[in-house]
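**Student:** Pasting in a structure now, in C-alpha cells, and then I'll have a few things to ask.
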Amino acid sequence: MKQNIKLLVFVLLFGLPAQQVIAQNNLGHNTDNFSGVYSLSYNPAEIVDSRFKFHMNIVSAGFTLSNNYIGVKRTALFAERDLAFEDPDFADNYLVERLNGKSKGVYVSGDIMAPLSFMANFGKKRSHAIGFNSRVRFQTNVNGAAENLATMSFNELLLSDLYNVGIQNENFSIQTNVWTEYGLTYGTNLINSGKHFVSAAGTFKLTQGLANAYFYSDNMNVTFPSDSTVSVDNSDLRFGYSSLLETGFVKLDEELLSALNRSDTSQAYRHLGGDPFRNAKFGFGLDIGVVWEFRPHADDHKYELDGNPDYLDPRKEKYKVKVGLGLMDMGYTSYARDNGVFGEYFADVPDIDIEESFGAAFGNFDNSGLQAFEDTLESLFVESAEEKGTYKVSLPMRINAYVDYNIWKGFYANLGASIAPAFKKNPEKTRGISEFSITPRFEHKWFSFYLPVSVNTHGNPHLGTGVRIGPLAFGTNDILPLMGKKTIYDANVYMNLSIPITKKIRDKDKDHVSNKMDDCKRELGTWETKGCPDNDQDDDGVLDGEDDCPEIAGSKELNGCPDTDKDGIADKEDACPDVAGLKAFNGCPDTDEDGFQDSEDDCPEVAGIEAFKGCPDTDGDGLKDSEDSCPEVAGPAENNGCPFEDDDKDGVLNKDDDCPQTPGPKENRGCPIIEKEVEEALDLAFKNLEFESGKAIIKQASYASLETLSTILKAHPDYTLLIEGHTDNVGNDANNLLLSQKRADAIKLLLVSKGVQASTIETKFYGKEKPITTNDTPEGRQQNRRVELTITFK
C-alpha cells in the first residue's frame, strides 16, 4: 500500500493531468492584439476594436500543472521510457522533495474551447463586439498540506524523527472539479476622444457541473505513532462527491492507463463509471473586463475614406500604452449528489490502523474507493451532518491586471498579474494560484512571437515561449526543462487553431472610396465622383456635360460653377463675389442684418433704423448714437442726449445743487439746513479756540467748547467738518505754513479722541496766504492768526 501511495502522489501531479487537461493562462498569447476569441478567457473587453473582424476557434488544447513539493528530475523526461518511467524504483530515483518549511499545494487547471466559439466586431465604427464560447474545464487543487504530513506520506511513513510529532494542517483541502460552461459576451466602446479609448465587456455564463469531489478541514491535527498507525486529534472533517463519482475512485490500473495513453476518452469514461453528462446541474457565472488605451498619435493612423478624414485605419494598432483589468469566473457551478454524499465528521481517535481502515479505499484503487473512504470515515469518526441532493461549488475567481507598452513597430512589453483570491473558509471551492509575468513580444498580422518570464505563488520561476503563425498558435510558459533545469515542478503547453478574418480597408483602387461606394472600382476617382474619374477640364468633380462653368472649378451644388465667398450664390450671379452676402441683395452683405445693404448703410456693422440710414438710436431719444453722449440713456438734445442728474434724489438737479451728494431743500440750493445749535456750537468753539503762543498746543480753556462740538458731530455722521489753519505774516513762511497745519491737525486729533470719525473731518492749512484783515497792526495780526471751523456737505 505504501508504494501505491507514492505512485498515487506522482500520478496525480504528473500523470493524469498531462493526459487530459488544458490551460487558459497562455502568457503572451492572451494579450496579443491578435488573440481574438481566445482573449475571452482572460479579459472579454479585448475583443472590442479587435484586429479581427471575425475570429472562430476550430480546436484549442494544452495543459498547466504546478506544485511546490515534488519535482521530477530532468533525466526522467529525456531518458528512454524503459530506463525511467518503467523503473520499479522510479519514485526513489527520479522524484525530489522540496523541503523548505512551507505548506504544500498542487494546482492543475485546464479547459477545452469547443469548435464554433467565435467573436465579431460590428457597428458603423466597429465599436461593438459580441462573442460566444463553449468550454469544458477541469481543475484540481490541493492546499494547506503541512510539510511534515506531505513528507511522511511520500516517504512511506518511515521517518522515525516525525513519530509522535503533532502535525497541524490549517484549511487543508483537496478539490477536483470538472464542468462545462457556455458564455455569451457583449462589449462596446465607452470613450473615444482621440487620445483616450476605453472599452468594456461582460460575459454571462451558464455552467454545467459534471464531476466534483472534495475533502476539507480547517483544523486537521494528525500524529503518526508508527509506520502503520495514525492518530487524529480534535479535528473537523468534511467530505463529499458528486453523482458521477459515485461508482468509485480513479483506478490506476493498466486498463485505465492504456485508455488514457490511446486518448480513448469513451473507454476512460466507462472505466470511471459512465456518461460524464449524466445528472449534470446548472449554475451561473460572470466575467467582466475593461481596457483603457492611450493613443497620443492616433491622427497618424487616419485614412480618409468615403469623405471622412477622421476614419481610423483598422489594420493598425494605435495605442502607446494599454491597461486592462478582468474579473473572471465570478459565480458557481452546481452538482448532483444523488447517491453521492456530503458529510461532516468530528475526528478524535488515537492509533488508527492505516492498512485495516483505509486499505479498501486506497490499497488496490478499485471502483469502491470513494464509497470505501466514506464508509471508513463513518466507522471511525462521529458524523455530525449528512446531506444529499444538489450543492454549489464556487468558480475559480481570478483578477487579471496588465499594462501593455508599444515599444516600436510591432514590439511590445507586457507586465501582468493574474491573481487568484484565497477564500480559505469555503470548503466547496475551486481555487487557482497567482502568477506574475513580464512578456516581451513581437506581433504582426500573420505572425507573433512571445518570450514570457513569470513566477507563481508556488515560488516557481519560468521562462516561456510562444508563436502564432496565421491561424495556428502554440507555446509553453516554461522552456527551462529544455535548457537544463535539473528539477521540474511545473508543466504548461498550449495549442489552438482558428479561422481569423482580419479587418481590412476595402478600397481596391486606393482612391479613398470604399469598394461598396465606388462606382468605378478599377479606376482612380474621388469621393465627389463616387470613385470615378473626373473627365472635365476644371477637375471639380462635375463632368463637362453637366458643368455650367466648365473652365473654372466649382461645386456640384452649383452645377460646377465657383462660389468664391461660399454664400451659396454662383460668382457669375453674385454682385459681391468676394464677400459672402444675401440672395436678396444679389450676393452683397448686410453685416449688421438691419435690412440695409452695407453699401447703402451709414453704419454697416451696427444695426440701425431707416431714419438714420441704418445707424442706431439705442435709447430712442431722437439722437443717433454717434451724436449722443449717452447713447443708452434717453436725454434732451440740449444736454447732448444725456439726462440731467440728481444724484442725491432731493429734487434739485446736480447742475443747480450746491450739495449734489447730500439731500437738502431746494430753497437752500440742495444743501441741508444746519441747525441753530450747531452754528452756535461752531461759533463758540471758534471764539474760545486758543493756542499757546507759537505752538500747536490747545489751551485748556478751549476744551469745553470742543467737547460740545464733538457731541454734535457724533450725532450728525452726515456732517463733514472742515478745519482750516491760518497765521499772520510774522516770521518764516515755511514755519508759518507748518504751524497752521499742526494747529488744524491738533484740533482733528482732539475731536477723534472724543469719538468723532476721522473720515468726517477734513483739514487744510494756508499759513499767511489767506489773511482776513491787515497784518500791519497788532489787532489785525491777532485776527489773522486763526483756525476756522466749517460744516460742509458733499
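**Student:** Within the range 239-246, is there a residue that is under 19 Å from LYS392 (Cβ atoms), at pLDDT 90 or above, in contact with a strand residue (DSSP E or B) (Cβ under 6 Å, 6 or more places away or on another chain) and surrounded by 19 or more Cβ atoms within 10 Å (Cβ to Cβ)?
**Tutor:** Within the range 239-246 (the criterion being under 19 Å from LYS392 (Cβ atoms), at pLDDT 90 or above, in contact with a strand residue (DSSP E or B) (Cβ under 6 Å, 6 or more places away or on another chain) and surrounded by 19 or more Cβ atoms within 10 Å (Cβ to Cβ)), the answer is no, since none of the residues qualifies.
Residue-wise test of (1) of a type outside the set (Ser, Thr, Tyr); (2) at pLDDT below 90; (3) under 30 Å from LEU27 (Cα atoms).
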{"site": "LYS318", "(1), (2), (3)": "yes, yes, yes"}
{"site": "MET330", "(1), (2), (3)": "yes, no, yes"}
{"site": "ASP351", "(1), (2), (3)": "yes, no, no"}
{"site": "PHE358", "(1), (2), (3)": "yes, yes, no"}
{"site": "LEU370", "(1), (2), (3)": "yes, yes, no"}
{"site": "GLU374", "(1), (2), (3)": "yes, yes, no"}
{"site": "GLU386", "(1), (2), (3)": "yes, yes, no"}
{"site": "GLY389", "(1), (2), (3)": "yes, yes, no"}
{"site": "ASN414", "(1), (2), (3)": "yes, no, yes"}
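**Student:** Filter the range 651-687 down to the residues that are outside any loop (DSSP other than H, G, I, E, B) and touching a Lys or Arg at 6+ places or on another chain (Cβ under 9 Å), then identify the one that is surrounded by the most Cβ atoms within 10 Å (Cβ to Cβ).
**Tutor:** By that ranking, first place goes to PHE686.
**Student:** Which residue out of ILE438, ILE552, ILE505 is at pLDDT 90 or above, more than 21 Å from GLY110 (Cα to Cα) and β-branched (Val, Ile, Thr)?
**Tutor:** ILE438
**Student:** Please go through the range 35-54 and give me each residue that is surrounded by 24 or more Cβ atoms within 10 Å (Cβ to Cβ) and assigned to a loop (DSSP other than H, G, I, E, B), ordered by number.
**Tutor:** SER35, TYR42, ASN43, VAL48, ASP49, SER50
**Student:** Select, from ASP578, ASP648, ASP628, the only residue that is acidic (Asp, Glu), more than 30 Å from THR792 (Cβ to Cβ) and surrounded by 16 or more Cβ atoms within 10 Å (Cβ to Cβ).
**Tutor:** ASP628
**Student:** Go through the range 703-739 and count every residue that is in contact with a helix residue (DSSP H, G or I) (Cβ under 6 Å, 6 or more places away or on another chain), free of Cβ contacts under 8 Å to residues at least 60 places away in the same chain and either under 18 Å from GLY755 (Cβ atoms) or among the β-branched types (Val, Ile, Thr) (or both).
**Tutor:** Matching residues across the range 703-739 total 6.
**Student:** Let me confirm something: among SER418, SER498, SER434, which residue is buried (at least 23 other Cβ atoms within 10 Å of the Cβ) and more than 25 Å from ASN121 (Cβ to Cβ)?
**Tutor:** SER418
**Student:** Within the range 734-779, how many residues turn out to be among the charged types (D, E, K, R) and assigned to a helix (DSSP H, G or I)?
**Tutor:** The qualifying residues number 5.
**Student:** Identify all residues within the range 450-466 that are among the polar types (S, T, N, Q) and within 13 Å of ASN492 (Cβ to Cβ); write none if there are none.
**Tutor:** SER454, ASN456, ASN460, THR465
**Student:** Look at ASN171 and say whether it is more than 30 Å from ASN33 (Cβ to Cβ), surrounded by 15 or more Cβ atoms within 10 Å (Cβ to Cβ), over 46 Å from the mean Cα position of the chain (by Cα) and of a type in the set (S, T, N, Q).
**Tutor:** no
**Student:** Next up: Just one of (1) in contact (Cβ under 8 Å) with a residue 60 or more places away in the chain; (2) farther than 14 Å from LEU709 by Cβ; (3) not β-branched (Val, Ile, Thr) trips up LEU789, so point out which.
**Tutor:** (2)
**Student:** Got at least one residue in the range 632-643 being surrounded by 12 or more Cβ atoms within 10 Å (Cβ to Cβ) and either under 60 Å from the mean Cα position of the chain (by Cα) or in contact (Cβ under 8 Å) with a residue 24 or more places away in the chain (or both)?
**Tutor:** yes
**Student:** Now for a separate question. Of all residues in the range 55-64, which are at pLDDT 90 or above and surrounded by 23 or more Cβ atoms within 10 Å (Cβ to Cβ)?
**Tutor:** HIS55, ASN57, SER60
**Student:** Every residue in the range 541-588 that is in a loop (DSSP other than H, G, I, E, B), of a type in the set (A, V, I, L, M) and over 23 Å from GLU528 (Cβ atoms), please.
**Tutor:** ALA575, VAL579, LEU582
Residue-by-condition table, conditions (1) free of Cβ contacts under 8 Å to residues at least 12 places away in the same chain; (2) closer than 30 Å to ASN189 by Cβ; (3) touching a strand residue (DSSP E or B) at 6+ places or on another chain (Cβ under 7 Å):
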{"site": "ASP87", "(1), (2), (3)": "yes, no, no"}
{"site": "PHE90", "(1), (2), (3)": "no, no, no"}
{"site": "SER117", "(1), (2), (3)": "no, yes, yes"}
{"site": "PHE122", "(1), (2), (3)": "yes, yes, yes"}
{"site": "SER127", "(1), (2), (3)": "no, yes, yes"}
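**Student:** Something else now. Can you tell me which of (1) crowded, with 21+ Cβ neighbours inside 10 Å; (2) in contact with a Ser or Thr (Cβ under 8 Å, 6 or more places away or on another chain) is the one LYS445 doesn't meet?
**Tutor:** Result: LYS445 passes all but (1).
**Student:** If SER710 satisfies all but one of (1) crowded, with 18+ Cβ neighbours inside 10 Å; (2) out of contact with any Leu (no Cβ under 6 Å at 6 or more places or on another chain); (3) closer than 17 Å to ALA744 by Cβ; (4) not basic (Lys, Arg), what's the number of the condition it fails?
**Tutor:** (2)
**Student:** Taking the conditions exactly as written (in contact with a Pro (Cβ under 7 Å, 6 or more places away or on another chain), under 30 Å from VAL222 (Cβ atoms) and free of Cβ contacts under 8 Å to residues at least 60 places away in the same chain), does ALA385 satisfy them or not?
**Tutor:** Against the criterion (in contact with a Pro (Cβ under 7 Å, 6 or more places away or on another chain), under 30 Å from VAL222 (Cβ atoms) and free of Cβ contacts under 8 Å to residues at least 60 places away in the same chain), ALA385 does not qualify.
**Student:** Please list, ordered by residue number, the strands (runs of 3 or more DSSP E) wholly in the range 182-243 having 1 or more residues that are free of Cβ contacts under 8 Å to residues at least 60 places away in the same chain and assigned by TED's automatic domain parsing to the domain that holds ARG337.
**Tutor:** Answer list for the range 182-243: 196-217, 220-223.
**Student:** For ILE698, only one of the following conditions fails: (1) surrounded by 14 or more Cβ atoms within 10 Å (Cβ to Cβ); (2) touching a helix residue (DSSP H, G or I) at 6+ places or on another chain (Cβ under 7 Å); (3) of a type outside the set (Ser, Thr, Tyr); (4) under 18 Å from GLU762 (Cα atoms). What is its number?
**Tutor:** It is condition (4) that ILE698 fails.
**Student:** While we're looking at this one, here's another question. Taking the residues in the range 164-176 that are out of contact with any Gly (no Cβ under 8 Å at 6 or more places or on another chain) and in a strand (DSSP E or B) as candidates, determine which candidate is farthest from ARG295 (Cα to Cα).
**Tutor:** ILE167
**Student:** Here is a follow-up. Within the range 762-784, work out how many residues are of a type in the set (D, E, K, R) and buried (at least 17 other Cβ atoms within 10 Å of the Cβ).
**Tutor:** 2
**Student:** Would you call GLY694 touching a Pro at 6+ places or on another chain (Cβ under 6 Å) and touching a residue at least 24 places away in the same chain (Cβ under 8 Å)?
**Tutor:** It is false that GLY694 is touching a Pro at 6+ places or on another chain (Cβ under 6 Å) and touching a residue at least 24 places away in the same chain (Cβ under 8 Å).
**Student:** If a residue must be out of contact with any Lys or Arg (no Cβ under 7 Å at 6 or more places or on another chain) and farther than 20 Å from GLY614 by Cβ, how many such residues does the range 550-593 contain?
**Tutor:** 25
**Student:** To continue, here is another question. What number of residues within the range 614-624 satisfy the criterion of being among the charged types (D, E, K, R) and either crowded, with 19+ Cβ neighbours inside 10 Å or modelled with pLDDT of 80 or more (or both)?
**Tutor:** Matching residues across the range 614-624 total 2.
The values are calculated or read from the model by the stated rules, or taken from the named source; none is laboratory data. Not measured: the values here are computed from a predicted model. Counting neighbours? That spans all protein chains shown, and the Cβs are built from the backbone with ideal geometry, glycine included.
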